[in-house]
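Here the structure comes first, spelled out in C-alpha coordinates, and everything after it is commentary.
The values are calculated or read from the model by the stated rules, or taken from the named source; none is laboratory data. Nothing here was measured: the structure is a model prediction, and the numbers come from that model. FYI the Cβ positions are ideal-geometry reconstructions off the backbone, even for glycines, and counts take in every protein chain you see. Heavy atoms of the whole protein, side chains included, go into the accessibility calculation; ligands, DNA and RNA do not. Shrake-Rupley method; radii C 1.70, N 1.55, O 1.52, S 1.80 Å.
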Amino acid sequence: MNAQKIVKLWETNPPTSNEITKAEKYERNGNWVTNVSSPELTIYQTNKAKNTGMAVVICPGGGYAGLAILHEGEQFAKWLNGQGITAFVLKYRMPNKHKEVPLDDAQQAIRYVRNHASEFGIDVNKVGIAGFSAGGHLAATASTHYTTEGTNTKPDFSILFYPVITMERATHGGSRSNLLGDNPLPADIQFFSNEKHINANTPPAILLLSDDDKSVPTANSVLYYQSLKKNNVPATMYIFPEGGHGWGMNIDFKYHSQMLELLGMWLKSTDVQLGKIQEK
(Lines give C-alpha, C1' and ligand atoms only; values in the text may rest on other atoms or scores of the structure.)
Protein backbone atom coordinates (compact mmCIF):
# COMPACT_ATOMS: atom_id res chain seq x y z
CA MET A 1 0.00 0.00 0.00
CA ASN A 2 1.03 3.60 -0.48
CA ALA A 3 2.66 5.22 2.52
CA GLN A 4 0.22 8.10 2.63
CA LYS A 5 0.95 11.20 4.69
CA ILE A 6 -0.68 14.63 4.69
CA VAL A 7 1.34 17.71 5.64
CA LYS A 8 0.51 21.38 5.87
CA LEU A 9 2.22 23.16 3.01
CA TRP A 10 3.26 26.19 5.06
CA GLU A 11 4.62 25.91 8.60
CA THR A 12 3.43 29.45 9.29
CA ASN A 13 0.90 31.62 7.47
CA PRO A 14 1.41 31.77 3.68
CA PRO A 15 2.91 35.01 2.31
CA THR A 16 -0.34 35.77 0.46
CA SER A 17 -4.04 35.36 1.22
CA ASN A 18 -6.95 34.47 -1.03
CA GLU A 19 -9.42 36.02 1.44
CA ILE A 20 -11.73 33.00 1.30
CA THR A 21 -13.65 32.71 4.56
CA LYS A 22 -16.11 29.95 3.65
CA ALA A 23 -15.42 26.43 4.91
CA GLU A 24 -13.72 23.98 2.58
CA LYS A 25 -16.31 21.80 0.86
CA TYR A 26 -16.13 18.34 -0.73
CA GLU A 27 -18.70 17.28 -3.34
CA ARG A 28 -19.16 14.72 -6.16
CA ASN A 29 -18.23 11.73 -3.96
CA GLY A 30 -15.12 13.50 -2.72
CA ASN A 31 -13.71 14.33 -6.15
CA TRP A 32 -14.48 18.07 -6.08
CA VAL A 33 -13.16 20.36 -3.37
CA THR A 34 -13.86 24.10 -3.23
CA ASN A 35 -12.99 27.05 -0.97
CA VAL A 36 -9.44 25.78 -0.49
CA SER A 37 -7.64 28.19 1.81
CA SER A 38 -5.46 25.77 3.83
CA PRO A 39 -3.05 24.18 1.34
CA GLU A 40 -1.76 20.65 1.91
CA LEU A 41 0.46 18.04 0.34
CA THR A 42 -0.70 14.43 0.31
CA ILE A 43 2.35 12.22 -0.09
CA TYR A 44 2.30 8.87 -1.87
CA GLN A 45 5.60 7.06 -1.49
CA THR A 46 6.61 4.46 -4.01
CA ASN A 47 7.84 1.01 -3.04
CA LYS A 48 11.50 1.23 -1.99
CA ALA A 49 12.43 -1.63 -4.30
CA LYS A 50 10.95 0.24 -7.28
CA ASN A 51 12.12 3.74 -6.34
CA THR A 52 13.69 5.59 -9.28
CA GLY A 53 14.51 8.66 -7.19
CA MET A 54 12.00 10.67 -9.22
CA ALA A 55 9.23 12.78 -7.69
CA VAL A 56 6.23 14.62 -9.13
CA VAL A 57 4.15 17.41 -7.60
CA ILE A 58 0.59 17.04 -8.94
CA CYS A 59 -1.72 20.04 -9.50
CA PRO A 60 -5.32 18.91 -10.11
CA GLY A 61 -7.53 21.01 -12.37
CA GLY A 62 -10.80 22.82 -11.80
CA GLY A 63 -10.74 26.19 -13.54
CA TYR A 64 -9.10 27.82 -10.49
CA ALA A 65 -12.54 27.41 -8.84
CA GLY A 66 -12.06 23.98 -7.28
CA LEU A 67 -9.95 20.84 -7.52
CA ALA A 68 -10.76 17.48 -9.15
CA ILE A 69 -8.76 15.89 -6.38
CA LEU A 70 -9.32 12.19 -7.19
CA HIS A 71 -9.08 11.49 -10.95
CA GLU A 72 -6.59 14.34 -11.46
CA GLY A 73 -4.81 13.85 -8.15
CA GLU A 74 -4.89 10.70 -6.02
CA GLN A 75 -5.45 8.26 -8.90
CA PHE A 76 -2.56 9.73 -10.89
CA ALA A 77 -0.34 9.65 -7.79
CA LYS A 78 -0.97 5.92 -7.38
CA TRP A 79 -0.17 5.30 -11.05
CA LEU A 80 3.11 7.20 -10.64
CA ASN A 81 3.92 5.02 -7.63
CA GLY A 82 3.67 2.04 -9.97
CA GLN A 83 6.36 3.67 -12.12
CA GLY A 84 8.68 3.96 -9.11
CA ILE A 85 7.93 7.67 -8.64
CA THR A 86 7.01 9.35 -5.35
CA ALA A 87 3.99 11.63 -5.81
CA PHE A 88 2.83 14.72 -3.95
CA VAL A 89 -0.77 15.82 -4.58
CA LEU A 90 -0.95 19.57 -4.04
CA LYS A 91 -4.23 20.87 -2.65
CA TYR A 92 -3.43 24.44 -3.63
CA ARG A 93 -5.43 27.47 -2.59
CA MET A 94 -8.00 28.88 -4.96
CA PRO A 95 -6.88 32.32 -6.15
CA ASN A 96 -10.25 34.05 -5.70
CA LYS A 97 -8.82 36.72 -8.04
CA HIS A 98 -5.57 36.94 -5.98
CA LYS A 99 -3.18 35.99 -8.75
CA GLU A 100 -0.05 35.25 -6.70
CA VAL A 101 -1.68 32.62 -4.47
CA PRO A 102 -1.51 29.38 -6.56
CA LEU A 103 2.07 30.00 -7.72
CA ASP A 104 3.18 30.62 -4.13
CA ASP A 105 1.77 27.21 -3.22
CA ALA A 106 3.32 25.41 -6.21
CA GLN A 107 6.75 26.86 -5.49
CA GLN A 108 6.45 25.97 -1.83
CA ALA A 109 5.50 22.40 -2.76
CA ILE A 110 8.69 22.03 -4.81
CA ARG A 111 10.69 23.47 -1.92
CA TYR A 112 9.13 20.92 0.42
CA VAL A 113 10.02 18.02 -1.88
CA ARG A 114 13.62 19.13 -2.28
CA ASN A 115 14.05 19.94 1.42
CA HIS A 116 12.74 16.48 2.38
CA ALA A 117 14.34 14.57 -0.51
CA SER A 118 16.51 12.32 1.67
CA GLU A 119 13.51 11.35 3.79
CA PHE A 120 11.69 10.00 0.73
CA GLY A 121 14.66 8.70 -1.27
CA ILE A 122 14.31 11.44 -3.89
CA ASP A 123 17.02 12.83 -6.17
CA VAL A 124 16.78 16.64 -5.93
CA ASN A 125 17.57 16.79 -9.67
CA LYS A 126 14.57 14.62 -10.62
CA VAL A 127 11.66 16.63 -9.22
CA GLY A 128 8.93 17.25 -11.78
CA ILE A 129 5.52 18.90 -11.79
CA ALA A 130 2.26 17.73 -13.37
CA GLY A 131 -0.97 19.58 -13.93
CA PHE A 132 -4.41 19.13 -15.45
CA SER A 133 -6.33 21.96 -17.17
CA ALA A 134 -6.03 25.00 -14.85
CA GLY A 135 -3.65 22.88 -12.81
CA GLY A 136 -1.69 22.57 -16.05
CA HIS A 137 -1.56 26.34 -16.19
CA LEU A 138 -0.19 26.34 -12.65
CA ALA A 139 2.38 23.66 -13.54
CA ALA A 140 3.44 25.64 -16.62
CA THR A 141 3.60 28.84 -14.54
CA ALA A 142 5.87 27.10 -12.03
CA SER A 143 7.99 25.85 -14.96
CA THR A 144 8.46 29.35 -16.40
CA HIS A 145 8.40 31.51 -13.24
CA TYR A 146 10.71 30.11 -10.60
CA THR A 147 13.32 31.23 -8.12
CA THR A 148 16.81 29.84 -7.62
CA GLU A 149 17.41 31.80 -4.42
CA GLY A 150 17.38 29.53 -1.39
CA THR A 151 15.81 26.20 -2.34
CA ASN A 152 15.49 26.00 -6.11
CA THR A 153 11.80 25.94 -7.19
CA LYS A 154 12.44 25.10 -10.84
CA PRO A 155 10.90 21.74 -11.82
CA ASP A 156 13.15 19.33 -13.70
CA PHE A 157 10.35 18.27 -16.06
CA SER A 158 6.68 19.07 -16.70
CA ILE A 159 3.68 16.82 -17.43
CA LEU A 160 0.80 18.90 -18.82
CA PHE A 161 -2.64 17.37 -19.38
CA TYR A 162 -4.94 19.49 -21.61
CA PRO A 163 -3.43 22.60 -19.99
CA VAL A 164 -4.51 26.21 -19.97
CA ILE A 165 -1.34 28.01 -21.08
CA THR A 166 -2.18 31.49 -22.32
CA MET A 167 -4.23 34.29 -20.79
CA GLU A 168 -4.75 35.83 -24.24
CA ARG A 169 -7.55 35.10 -26.72
CA ALA A 170 -7.25 31.28 -26.72
CA THR A 171 -7.53 31.01 -22.93
CA HIS A 172 -10.19 29.32 -20.80
CA GLY A 173 -12.34 32.24 -19.66
CA GLY A 174 -13.28 30.87 -16.26
CA SER A 175 -9.67 30.12 -15.33
CA ARG A 176 -8.59 33.60 -16.38
CA SER A 177 -11.30 35.46 -14.47
CA ASN A 178 -10.82 33.34 -11.34
CA LEU A 179 -7.08 33.99 -11.44
CA LEU A 180 -6.82 37.56 -12.74
CA GLY A 181 -10.27 39.05 -12.21
CA ASP A 182 -12.92 40.12 -14.69
CA ASN A 183 -10.86 42.96 -16.20
CA PRO A 184 -7.24 41.81 -16.04
CA LEU A 185 -4.40 44.23 -16.49
CA PRO A 186 -2.32 43.83 -19.68
CA ALA A 187 0.77 43.24 -17.52
CA ASP A 188 -0.96 40.35 -15.74
CA ILE A 189 -2.11 38.82 -19.02
CA GLN A 190 1.48 39.01 -20.24
CA PHE A 191 2.96 37.56 -17.03
CA PHE A 192 0.59 34.58 -16.88
CA SER A 193 0.71 33.74 -20.61
CA ASN A 194 3.34 31.08 -20.07
CA GLU A 195 4.22 30.57 -23.73
CA LYS A 196 5.84 34.02 -23.59
CA HIS A 197 8.27 33.10 -20.81
CA ILE A 198 9.95 30.00 -22.18
CA ASN A 199 13.72 30.09 -22.66
CA ALA A 200 16.56 27.61 -23.03
CA ASN A 201 16.41 26.82 -19.31
CA THR A 202 12.72 25.85 -19.27
CA PRO A 203 12.29 22.20 -18.24
CA PRO A 204 11.40 19.50 -20.80
CA ALA A 205 7.67 18.85 -21.14
CA ILE A 206 5.12 16.35 -22.34
CA LEU A 207 1.65 17.58 -23.34
CA LEU A 208 -1.35 15.25 -23.53
CA LEU A 209 -4.70 16.42 -24.91
CA SER A 210 -7.67 15.66 -27.17
CA ASP A 211 -8.30 17.22 -30.56
CA ASP A 212 -11.99 17.75 -29.74
CA ASP A 213 -11.45 19.62 -26.46
CA LYS A 214 -14.22 22.22 -26.35
CA SER A 215 -13.26 23.67 -22.94
CA VAL A 216 -9.58 24.56 -23.39
CA PRO A 217 -8.56 25.19 -27.02
CA THR A 218 -5.80 22.94 -28.29
CA ALA A 219 -3.97 26.14 -29.30
CA ASN A 220 -2.84 26.40 -25.66
CA SER A 221 -0.72 23.26 -25.86
CA VAL A 222 0.46 24.07 -29.38
CA LEU A 223 1.70 27.50 -28.28
CA TYR A 224 3.67 25.97 -25.41
CA TYR A 225 5.12 23.22 -27.61
CA GLN A 226 6.15 25.64 -30.36
CA SER A 227 7.82 27.97 -27.89
CA LEU A 228 9.73 25.07 -26.33
CA LYS A 229 10.98 24.02 -29.76
CA LYS A 230 12.03 27.57 -30.65
CA ASN A 231 14.22 27.47 -27.58
CA ASN A 232 15.58 23.97 -28.27
CA VAL A 233 13.92 22.49 -25.19
CA PRO A 234 12.98 18.79 -25.45
CA ALA A 235 9.21 18.53 -25.90
CA THR A 236 6.71 15.79 -26.68
CA MET A 237 3.03 16.26 -27.54
CA TYR A 238 0.30 13.67 -28.04
CA ILE A 239 -3.05 14.85 -29.39
CA PHE A 240 -5.65 12.08 -29.22
CA PRO A 241 -8.43 12.15 -31.85
CA GLU A 242 -11.26 12.40 -29.32
CA GLY A 243 -11.96 12.46 -25.61
CA GLY A 244 -12.92 16.03 -24.90
CA HIS A 245 -11.67 17.69 -21.74
CA GLY A 246 -11.00 16.59 -18.21
CA TRP A 247 -10.51 12.83 -18.63
CA GLY A 248 -7.55 12.59 -16.27
CA MET A 249 -7.28 9.00 -15.05
CA ASN A 250 -10.84 8.05 -16.04
CA ILE A 251 -10.73 4.57 -17.54
CA ASP A 252 -13.61 5.39 -19.89
CA PHE A 253 -11.29 7.74 -21.81
CA LYS A 254 -10.96 5.86 -25.10
CA TYR A 255 -7.16 6.18 -25.19
CA HIS A 256 -6.57 5.67 -21.45
CA SER A 257 -4.20 2.71 -21.71
CA GLN A 258 -2.31 4.11 -24.71
CA MET A 259 -1.94 7.48 -22.98
CA LEU A 260 -0.42 5.89 -19.89
CA GLU A 261 1.90 3.70 -21.95
CA LEU A 262 3.19 6.73 -23.85
CA LEU A 263 3.61 8.73 -20.65
CA GLY A 264 5.43 5.84 -18.98
CA MET A 265 7.85 5.62 -21.90
CA TRP A 266 8.45 9.36 -21.78
CA LEU A 267 9.15 9.31 -18.05
CA LYS A 268 11.78 6.64 -18.56
CA SER A 269 13.43 8.63 -21.35
CA THR A 270 13.32 11.76 -19.20
CA ASP A 271 15.00 9.88 -16.37
CA VAL A 272 17.89 9.01 -18.68
CA GLN A 273 18.00 12.54 -20.02
CA LEU A 274 18.14 14.09 -16.56
CA GLY A 275 20.93 11.71 -15.63
CA LYS A 276 22.93 12.91 -18.63
CA ILE A 277 22.30 16.52 -17.69
CA GLN A 278 23.66 15.86 -14.20
CA GLU A 279 26.87 14.39 -15.63
CA LYS A 280 27.71 17.57 -17.55
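For the reader, a short list of remarks on this structure follows.
- Members of segment 140-173 that are touching a strand residue (DSSP E or B) at 6+ places or on another chain (Cβ under 6 Å) and more than 14 Å from residue 228 (Cβ to Cβ): 142, 156, 161, 162
- Members of segment 36-50 found to be among the polar types (S, T, N, Q) and surrounded by fewer than 23 Cβ atoms within 10 Å (Cβ to Cβ), listed by number: 37, 38, 42, 45, 47
- Test: residue in segment 145-152 that is within 26 Å of residue 97 (Cβ to Cβ), open to solvent by 20 Å² or more (accessible area, probe 1.4 Å) and modelled with pLDDT under 95: yes
- Only one of the numbered conditions (1) in contact with a Phe, Trp or Tyr (Cβ under 8 Å, 6 or more places away or on another chain); (2) open to solvent by 30 Å² or more (accessible area, probe 1.4 Å) is not met by residue 213, and that is (2).
- Assessment of segment 162-176 against the conditions (open to solvent by 10 Å² or more (accessible area, probe 1.4 Å), over 16 Å from the mean Cα position of the chain (by Cα) and under 26 Å from residue 50 (Cβ atoms)) yields no matching residue.
- Per the conditions (1) touching a helix residue (DSSP H, G or I) at 6+ places or on another chain (Cβ under 8 Å); (2) buried (at least 24 other Cβ atoms within 10 Å of the Cβ), the sole criterion not satisfied by residue 80 is (1).
- Listed conditions (1) more than 15 Å from residue 95 (Cβ to Cβ); (2) at pLDDT 95 or above are all met by residue 170, apart from (2).
- Considering segment 5-57, the qualifying strands (runs of 3 or more DSSP E), each wholly inside and each with 1 or more residues that are under 20 Å from the mean Cα position of the chain (by Cα) and not β-branched (Val, Ile, Thr), run over 32-34, 40-45.
- Among the residues of segment 141-183, those that are polar (S, T, N, Q) and closer than 26 Å to residue 255 by Cβ comprise 143, 158, 166, 171, 175.
- Restricting segment 87-119 to residues that are open to solvent by 60 Å² or more (accessible area, probe 1.4 Å) and not charged (D, E, K, R) leaves a set whose member that is nearest to residue 146 (Cα to Cα) is 115.
- When segment 10-35 is filtered for residues that are of a type in the set (Val, Ile, Thr), farther than 20 Å from residue 112 by Cβ and open to solvent by 40 Å² or more (accessible area, probe 1.4 Å), only 21 remains.
- Complete set of residues in segment 51-62 that are surrounded by 24 or more Cβ atoms within 10 Å (Cβ to Cβ) and either free of Cβ contacts under 8 Å to residues at least 12 places away in the same chain or over 12 Å from residue 114 (Cα atoms) (or both): 58, 59, 60, 61, 62
- Qualifying residue in segment 258-275 (condition: over 24 Å from residue 31 (Cβ atoms), crowded, with 22+ Cβ neighbours inside 10 Å and β-branched (Val, Ile, Thr)): yes
- Residue match in segment 229-245 (condition: modelled with pLDDT of 95 or more and part of a helix (DSSP H, G or I)): yes
- Of the residues in segment 182-190, at least one is open to solvent by 30 Å² or more (accessible area, probe 1.4 Å), among the hydrophobic types (A, V, I, L, M, F, W, C) and closer than 21 Å to residue 227 by Cβ.
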